[in-house]
Amino acid sequence: MGKLEGKVAIITGAAQGMGESHARKFVEEGAKVVIADLNYDGAKKLADELGENALAVKLDVSNEQNWIEVVEKAEEAFGPVNVLVNNAGIGIFKPLEELTVKDFELTFKVDELGVFLGMQKVVPSMKKAGGGSIVNISSVDGLVSAPTAIAYSAAKHAVTGMTKGAAAELGPHNIRVNSVHPGIIKTPMAAQDDVEEFLKQLEQDIPLRRRAQVEEVSNLVVFLASDDSSYSTGAQFVVDGGMISDL
């Protein structure tokens, strides 16, 4: 029996990257998963591969009506939702003097507003389910920061704060809310030659001397979605190989 048997989950940004890894792991562990992504074709391809326990939906995380419709579709297909993984996100990294208002607003809409809307719109469904687990994917930049990460860090710090507030508010309803803070993860985007060389240099400052595999993040997300973490809420779970351990 899988760790997520009987769970109904919505995972955003799940057509590729870390979100795809989460979706695969969730289905493997017995969950029914709504693969929500702006890239509907990618989401549909993954859902078709994963089979009857996966449903693809198109979602703009910054659109309130989209969220209402996604929760409705999840309930129609699988029943009340008891897991939400707010994984969708973007990163715009520019020096402060080059960062535009448009850059900042887009980062806010996807990385911050999208998390707020997801939590807000899923709560009624979780109450019907008798409780649930919300996992907000933040970043180590949601605990510290770095040059050129001002817009990204601002949004990810907001996710950390919203997680704590939501956990305090929703605990009486048996809804747990935690945040996950990845460091440097091995993804296809990082395989580009210029990025790859830069990340190899960064690896030397990580105590474990390597980047994480996406599955290592997914394993943590599964734990937080499962009943194994039934007394964990309002907490920050760092998966960075010790990257910020001395900060």
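The values are calculated or read from the model by the stated rules, or taken from the named source; none is laboratory data. As the structure is a prediction and not an experimental result, all values here were calculated from the model. Don't worry about glycine lacking a Cβ; one is built from the backbone with ideal geometry, like all the others, and counts go over all protein chains shown. Side chains are part of the model used for accessible areas, which takes the heavy atoms of the whole protein and leaves out ligands, DNA and RNA. Shrake-Rupley method; radii C 1.70, N 1.55, O 1.52, S 1.80 Å.
Between the helical axis of 193-203 and the longest alpha-carbon principal axis of the chain there is an angle of about 90 degrees. Relative to the globular-protein estimate of 2.2 N^0.38 Å, the Cα radius of gyration of segment 33-83 stands at 1.07. When only alpha carbons of segment 1-128 are considered, Rg and Dmax amount to 15.0, 53 Å. Axis of helix 40-50 versus longest Cα principal axis of the chain: the two differ by about 60°, to the nearest ten degrees.
Across segment 100-247, Cα-Cα pairs farther apart than 22 Å form 45% of the total.
In terms of Cα atoms, the Rg and Dmax of segment 97-139 work out to 14.5, 48 Å.
Rolling a 1.4 Å probe over the protein heavy atoms leaves ARG210 with an accessible area of roughly 100 Å².
When only alpha carbons of segment 108-190 are considered, Rg and Dmax amount to 13.9, 44 Å.
Remark on segment 1-64: ratio of C-alpha radius of gyration to 2.2 N^0.38 Å is 1.02. In the chain, the longest principal axis of the Cα atoms and the axis of helix 64-78 are about 50 degrees apart. Expressed as a whole percent, the accessible area of segment 84-150 that falls on carbon and sulfur atoms is 62 (1.4 Å probe).
According to the calculation over all Cα-Cα pairs in the chain, the P(r) per 5 Å bin from zero is 1, 7, 14, 19, 21, 17, 11, 6, 3, 1, 0 %. For the chain, excluding the exposed loop sites themselves (GluC sites (Glu not before Pro), DSSP loop, at most 14 other Cβ atoms within 10 Å), the longest remaining stretch covers 99-247. Shape index of segment 63-153: Rg/Rh, with Rg the Cα radius of gyration and Rh the Kirkwood radius from the inverse mean 1/r over Cα pairs, equals 1.08.
Extension gain for the segment GLU5 to ASN174, taken as residue separation times 0.36 nm less the Cα-Cα distance, is 59.0 nm to one decimal.
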